[in-house]
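K.L.:
My structure is below; once you've seen it, I'll send some questions.
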Amino acid sequence: MKNSLKEATSRPQRISIIIIILFHAVGLIGCSLPATDILFLKLVPWHLLLMTVVIIYSHDQLRSRFFVFGLLIFVIGFVAELIGVHTGWLFGNYAYGETLGTQLFRVPLMIGVNWFLLTYSTGVLLQRSRIKSRIIRILAGALILVLLDILIEPMAMHFDYWHWIDNHIPLKNYVCWFGLSALLLFVFDQFKFKPQSKVASVLLIMQFIFFMGLELLN
C-alpha cells in the first residue's frame, strides 16, 4: 500500500522532470542547427509557457496563495524591466529583440514569466538545501542567478533576446540582477511554501546546461 502511494505521488514528478529535460535537450539541438534555429527561436515564448505549466503541475498543495505569489513576482520583474528599458537606471542601456514574443511598452510579457520561473526554481533549490539562515539562502540564490545571467548574456544577444548599446554589458547589469533576484527570493521566502519536490531544481539546473550548451555549440 505504501509503495503504491509513493509511486502515485512520484509519477507527476517523473513526468515533469522528463518534460523539462526533453524540451531543453531538443531546444538546445534545434537552436544550434542553422536549418532549424529560426523556427526554434520562434518557439521560445511557448517553451517558457510550457515550463510554467510544468511548475504549476508539480507544485505540492496548489492553492490561491501560490498564484498570488506568481502574479506578484511577474509584476515586480516586469516593472523592473520596464524601468530598465525606458530609463537605464536599472541594468543599463538595453532593448529587447523579437525572440521573447509579444511586448508591452517594449518589454516582453514573457520576461515576467521568466522571472517567476527563475525565482521559484532557485527558491525551491535553496529550500531543499541545508542552509538554515534565511539571509544566506537569499544571498546565495541571488548569486546563483547572477552566475546564470553571465551565461545567458552572450547568447541573449546572439539570439535576439535583447541587445546592449555598443554590445557592452555594464557591471550595473549584474549588480541589479543580484539586487532584484534577492528581492524576489525574499518575496518567495515570505510565502513559506512547504518543501517542494526536485522538479523546480531540475529546471534551474537545465537552464545552466542549456545556456552552457549554446555557448559551446554556437
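K.L.:
Quantify, in whole percent, the carbon and sulfur part of the accessible surface of the chain (1.4 Å probe; protein heavy atoms only).
P.N.:
Ligands and nucleic acids excluded, carbon and sulfur reach 71 percent.
K.L.:
Okay, next question. Just need the relative contact order of segment 77-156 here, percent rounded to a whole number, with Cα pairs under 8 Å and 6+ apart.
P.N.:
Numbers: 54 pairs, mean separation 15.7, N = 80.
Once normalised by length, the contact order is 20 percent.
K.L.:
With the cut-off at 22 Å, report for segment 18-115 the share of all Cα pairs above it, as a whole percent.
P.N.:
Working: 1957 of 4753 pairs.
Looking at segment 18-115, the distances longer than 22 Å represent 41 percent of pairs.
K.L.:
A follow-up question, please. Return a whole-number percent for the relative contact order of the chain, with Cα pairs under 8 Å and 6 or more residues apart as the contact set.
P.N.:
In percent, rounded to a whole number, it is 29.
K.L.:
For segment 142-218 and segment 54-109, what is the separation of their C-alpha centers, rounded to whole Å?
P.N.:
Measuring centre to centre over Cα atoms gives 13 Å.
K.L.:
Turning to a different aspect of this structure: Segment 75-140: percent of C-alpha pairs farther apart than 18 Å?
P.N.:
Details: 1030 of 2145 pairs.
In whole percent, the share of Cα-Cα pairs in segment 75-140 beyond 18 Å is 48.
K.L.:
Something else now. Enumerate by residue number the chymotrypsin sites (Phe, Trp or Tyr not before Pro) in segment 66-144 meeting two conditions: DSSP loop (anything except H, G, I, E, B), and at most 14 other Cβ atoms within 10 Å of the site's Cβ. List each step's numbers first, then the result.
P.N.:
Working: sites: Phe66, Phe67, Phe69, Phe74, Phe78, Trp89, Phe91, Tyr94, Tyr96, Phe105, Trp115, Phe116, Tyr120; in loops: Trp89, Phe91, Phe105.
Those that pass, being in a loop and sparsely packed, are Trp89, Phe105.
K.L.:
Please give me, ordered by residue number, the chymotrypsin sites (Phe, Trp or Tyr not before Pro) of segment 159-218 that lie in loop per DSSP and have at most 10 other Cβ atoms within 10 Å.
P.N.:
Working: sites: Phe159, Tyr161, Trp162, Trp164, Tyr174, Trp177, Phe178, Phe186, Phe188, Phe191, Phe193, Phe208, Phe210, Phe211; in loops: Phe159, Tyr161, Phe193.
Answer in residue order: no site qualifies.
K.L.:
Give me the extension gain from Lys132 to Lys42: residue separation times 0.36 nm, minus the current Cα-Cα distance, reported in nm with one decimal. Mind showing how you got there, number by number?
P.N.:
Working: separation 90, 0.36 × 90 = 32.40 nm, distance 4.14 nm.
That works out to 28.3 nm of additional length.
K.L.:
What order do Ile111, Ile205 take when sorted by accessible area (1.4 Å probe), most exposed first?
P.N.:
Most to least solvent-accessible, the answer reads Ile205, Ile111.
K.L.:
Then there is this: Quick check for you: with a 1.4 Å probe and neighbouring chains kept, what is the accessible area per residue of the chain, in Å²? Don't jump to the answer; show the numbers that get you there.
P.N.:
Working: 11570 Å² over 218 residues.
Counting only protein heavy atoms, the per-residue value for the chain is 53 Å².
K.L.:
Heavy atoms only, 1.4 Å probe, whole protein assembly: order His47, His168, His163 by accessible area, highest first.
P.N.:
On the way: His47 45, His168 120, His163 70 Å².
These residues rank, largest area first, as His168, His163, His47.
K.L.:
Let me ask another. Normalised by the number of residues in segment 112-218, what is the relative contact order in percent for Cα pairs under 8 Å and 6+ residues apart?
P.N.:
This gives 47 percent for segment 112-218.
K.L.:
Please give, to one decimal in nm, the separation of the simple spin-label points placed at Arg65 and Leu50, each 7 Å out from Cα toward the Cβ.
P.N.:
It is 3.2 nm.
K.L.:
Just to be sure I understand, if you calculate Cα extents along the principal axes in Å for this structure, which of (i) 48, 34, 29; (ii) 62, 42, 29; (iii) 47, 33, 32 do you get?
P.N.:
This structure yields the entry labelled (ii).
The values are calculated or read from the model by the stated rules, or taken from the named source; none is laboratory data. Since the structure is predicted, the reported quantities are computational estimates derived from the model, not experimental observations. Don't worry about glycine lacking a Cβ; one is built from the backbone with ideal geometry, like all the others, and counts go over all protein chains shown. In case anyone asks, the SASA skips ligands and DNA or RNA and just uses the protein heavy atoms, side chains included. Shrake-Rupley method; radii C 1.70, N 1.55, O 1.52, S 1.80 Å.
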